[in-house]
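What follows is a single structure, written as structure tokens, with notes after it.
No lab work stands behind these numbers, since they all come straight from the coordinates. The structure displayed is predicted, hence computed values, not measured ones. Positions of Cβ are generated from backbone atoms using ideal geometry, with glycine treated the same way; all protein chains shown enter the neighbour counts.
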Amino acid sequence: DTVGPAAHAAVDGLEPGQVAVVENLRFNPGETSKDDAERGTFADALAALADVYVGDGFGAVHRKHASVYDLP
């Protein structure tokens, strides 16, 4: 689950100093969508989950994916 109920439950249950790891973002169609609005909606949902996002996919930073291109 990337931005659904399970992801929100994991984040909501965090104590100070803890981190949450979500499922591979590419499992959500909004991550790689060619539709700007769909990618933007997914990026907004990701942004609502956390204060900090760490992307570990260096090989994908040049791609127009929601987590590296649209995430506010």
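Quick look at the values:
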quantity: Residues D35, D1, D56, D70 arranged by fewest to most Cβ contacts within 10 Å; calculated: D56, D35, D1, D70
quantity: Ranked list, fewest to most other Cβ atoms within 10 Å of each Cβ, for H62, H8; calculated: H62, H8
quantity: Taking only Cα atoms of the chain, radius of gyration then Dmax in Å; calculated: 12.1, 37
quantity: Calculated from backbone phi, Karplus (6.51, -1.76, 1.60) coupling profile of the range 56-65 in Hz, x at Gly/Pro; calculated: 9, x, 3, x, 10, 5, 8, 8, 8, 10
quantity: Normalised contact order of the chain, rounded percent, pairs of Cα under 8 Å and 6 or more residues apart; calculated: 31 percent
